[in-house]
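Accompanying notes for the structure given below.
The values are calculated or read from the model by the stated rules, or taken from the named source; none is laboratory data. Since the model is a prediction, treat every value here as computed from it, not as a measurement. No Cβ is skipped: glycine too gets one built from the backbone with ideal geometry, and neighbour counts run over all protein chains shown. Only protein heavy atoms, including side chains, enter the accessible area calculation; ligands, DNA and RNA are left aside. Shrake-Rupley method; radii C 1.70, N 1.55, O 1.52, S 1.80 Å.
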Amino acid sequence: MAKNAPKRLGEVLVDEGVVTEENIEEVLRKREKGEKIGEALIRFGYCTDSQIVDALSDSLGIRRVNLGMIFVDDQVLKMLDEDFVSKSKIMPINIQGRRLVIATNDPLDFPTIENVRLKTGMNVETVLATKNDIDTSIARYYGFTKTLKSLGIEVDKQKQSNEKFYDEVVKEPEREASESPIVQLVNQLLLTAVKSEASDIHIDPTDIEFKIRYRVDGVLTTERSLPKVVLPKLISRIKVMSHMDITDTRNPQDGRIKTVIEGRPIDLRISTLPTVRGEKAVMRVLDLSRDSHGIDRLGLTKDEEKKFTKLINRPNGIVLVSGPTGSGKTTSLYACLDQLNSDEVNIITVEDPVEIELEGVNQVNVNPDIEFTFANALRSILRQDPNIVMIGEIRDTDTAQISVKAALTGHLVLSTIHTNSAVKTIGRLVDMGIDPFLVASSLSGIVAQRLVRRVCPVCGKSETPTENEREIFEKYGFNIKKVKRAVGCSNCNNKGYKGRVAVFEILDVNDTIVRMISNNAKEYDLLQQARDDGTRTLVEAGLAKVEAGQTTVEEILKLGLD
């Protein structure tokens with residue numbers, strides 16, 4: 001290599017201590033034809049995309065950007081076509097005079113940079129971003145822009161007001177979107193959701209437009225607003241895909257879509273709701289390729305995992321998982337089934353609907369239209385000689401009573417229930433009309449859970465707790481020296497959090513608790529006894545997650561202090 005020749009990516013990574021020379025040599029031998037060294041290093045597990053970008057930023061002095069926080073003007077997008085940026089893994093983000101700013105994860109890829117200069121006739125400045133950020137940004141801008149133009153819509157939120165936008169729409173009321181662009185728009189919505197790891201897509205109508213919002217790590221953010229003239233076609237397309245009645249716009253409807261996006265199996269739960277401003281749709285996104293069923297993957301501590309496993313390994317009784325919608329209850333139930341599934345047992349589930357198909361488990365969908373409810377389904381499956389019964393949810397007295405009878409006749413019953421804590425679940429069953437002595441006789445254990453956001457591992461900052469935080473920790477028996485703070489970086493889309501972690505409260509219904517339930521003990525007394533027996537409340541379990549550096553005090557305070 002010439003004395004002043006620029007370094008290659010592999011040399012930079014070795015110099016920065018990210019990988020070794022042996023790693024580089026192995027990858028160069030084994031990588032696929034045409035595969036870049038950085039992509040191969042990531043595929044072989046020697047480093048992450050974020051580590052490569054950070055190393056390049058430190059070594060070359062090139063700034064790193066968060067593409068999720070940058071608005072890219074349509075004039076910038078016109079400089080390079082989608083095929084070129086997708087193949088080259090770059091993203092144009094700004095024009096400054098005669099200089100085009102592009103985001104790349106490999107600023108040492110000089111042939112690509114030269115191609116950009118020749119194509120645009122402009123000088124090129126590079127900034128750094130992760131490959132995932134670049135892919136998401138390409139899908140977000142090029143895909144949506146191309147689709148909206150096919151629909152005859154020109155949208156630049158920085159140049160047009162909603163009033164002007166509305167005027168343009170009502171001037172051409174006869175304009176109809178062809179099926180193909182609408183199909184592309186729906187595909188684009190799903191692609192963006194999968195790339196951003198969203199759990200839900202919300203399509204919300206307002207007076208003159210409708211908003212597309214994504215829920216990522218439990219928080220809703222607005223992606224963009226589109227003209228309302230497109231909304232009926234968009235909702236109709238979603239209904240067709242999920243086998244709903246497209247002529248019925250006055251009643252709520254539910255549907256389901258199974259599809260594959262970028263090679264990943266995706267299950268979508270669809271719900272539409274008529275509002276005064278038009279139909280609203282919500283799509284629950286379940287990425288089956290990312291779903292993990294093992295109990296060891298739930299985020300339990302060793303002690304919690306031991307208690308959880310003890311509960312579900314009992315030969316009979318009811319084990320309930322409680323919490324609000326979206327707290328991960330179904331994931332926990334599937335983890336139980338995965339643990340218990342074997343040739344020696346007959347497992348039957350009753351769900352609304354079946355979310356994940358499990359090999360070796362007999363799964364049944366309820367169908368209220370033909371009066372095949374949870375209760376009716378339970379009556380039928382108890383004649384199928386089951387060892388273990390999983391019920392999607394105990395939501396009424398009928399289902400609760402049959403579940404109790406099943407547990408008392410030698411079956412292990414797993415189910416979910418909507419309550420705020422483990423102890424409150426006992427009162428909920430009594431309120432449903434179950435006699436306290438039957439609750440005491442049938443109930444084996446209760447697992448209450450919540451999901452809290454996990455602090456970003458890249459930018460999370462350790463600091464000394466405030467006086468108020470120290471008082472909270474001391475109240476619950478913690479002596480903590482440092483807490484993590486959410487800061488924000490390109491890895492977490494400047495939110496300070498990346499992913500979620502579950503917090504558990506596990507109540508083992510032992511002999512003492514059984515006697516107290518039979519004697520109609522008050523909730524407070526049951527809670528005190530559970531604590532004396534070693535049960536940690538949700539807040540205590542959450543503060544332990546803070547102590548372990550997994551989340552922040554602010555996230556745990558959302559659970560509510562008890």
Output for the range 179-206, where each listed residue is among the small types (Gly, Ala, Ser), under 28 Å from Val276 (Cβ atoms) and in a helix (DSSP H, G or I): Ala193
Take the residues in the range 279-337 that are under 15 Å from Ser444 (Cβ atoms) and in contact with a His (Cβ under 8 Å, 6 or more places away or on another chain); name whichever of them is surrounded by the fewest Cβ atoms within 10 Å (Cβ to Cβ). Asn316
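Conditions (1) of a type in the set (Gly, Ala, Ser); (2) farther than 23 Å from Thr425 by Cα; (3) touching a helix residue (DSSP H, G or I) at 6+ places or on another chain (Cβ under 9 Å), marked per residue:
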| residue | (1), (2), (3) |
| --- | --- |
| Ile312 | no, no, yes |
| Gly328 | yes, no, no |
| Ala335 | yes, no, yes |
| Glu355 | no, yes, yes |
| Val361 | no, yes, yes |
| Val364 | no, yes, yes |
| Asp385 | no, yes, no |
| Gln401 | no, no, yes |
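Could you check the range 276-330 and list, in sequence order, the residues that are part of a loop (DSSP other than H, G, I, E, B), among the polar types (S, T, N, Q) and within 24 Å of the chain's Cα centre (by Cα)? Can you show your working first?
Our first condition is that a residue be part of a loop (DSSP other than H, G, I, E, B); within the range 276-330, this holds for 276-277, 288-294, 298-301, 313-316, 323-328.
Narrowing the set further to residues that are among the polar types (S, T, N, Q) leaves 289, 292, 301, 313, 316, 325, 327.
Across the range 276-330, the qualifying residues are Ser289, Ser292, Thr301, Thr325, Ser327.
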So, in the range 262-278, of the ones that are buried (at least 17 other Cβ atoms within 10 Å of the Cβ) and of a type in the set (A, V, I, L, M, F, W, C), which residue ends up nearest to Thr136 (Cα to Cα)? Ile266
Taking only the range 350-370 into account, find how many residues are more than 17 Å from Arg269 (Cβ to Cβ) and of a type in the set (S, T, N, Q). 1
Matching entry among Val27, Val19 (being assigned to a helix (DSSP H, G or I) and either at pLDDT 85 or above or surrounded by fewer than 13 Cβ atoms within 10 Å (Cβ to Cβ) (or both)): Val27
Tally of residues being over 16 Å from Glu82 (Cα atoms) and of a type in the set (Lys, Arg) across the range 120-144: 0
Over the range 68-78, the set of residues open to solvent by 60 Å² or more (accessible area, probe 1.4 Å), farther than 18 Å from Ser196 by Cβ and either outside any helix (DSSP H, G or I) or in contact (Cβ under 8 Å) with a residue 24 or more places away in the chain (or both) is Lys78
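Table: residues versus (1) open to solvent by 70 Å² or more (accessible area, probe 1.4 Å); (2) in contact (Cβ under 8 Å) with a residue 40 or more places away in the chain; (3) over 30 Å from the mean Cα position of the chain (by Cα).
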| position | (1), (2), (3) |
| --- | --- |
| Leu13 | no, yes, yes |
| Gly34 | yes, no, yes |
| Arg43 | yes, no, no |
| Cys47 | no, no, no |
| Val53 | no, yes, no |
| Asn66 | no, yes, no |
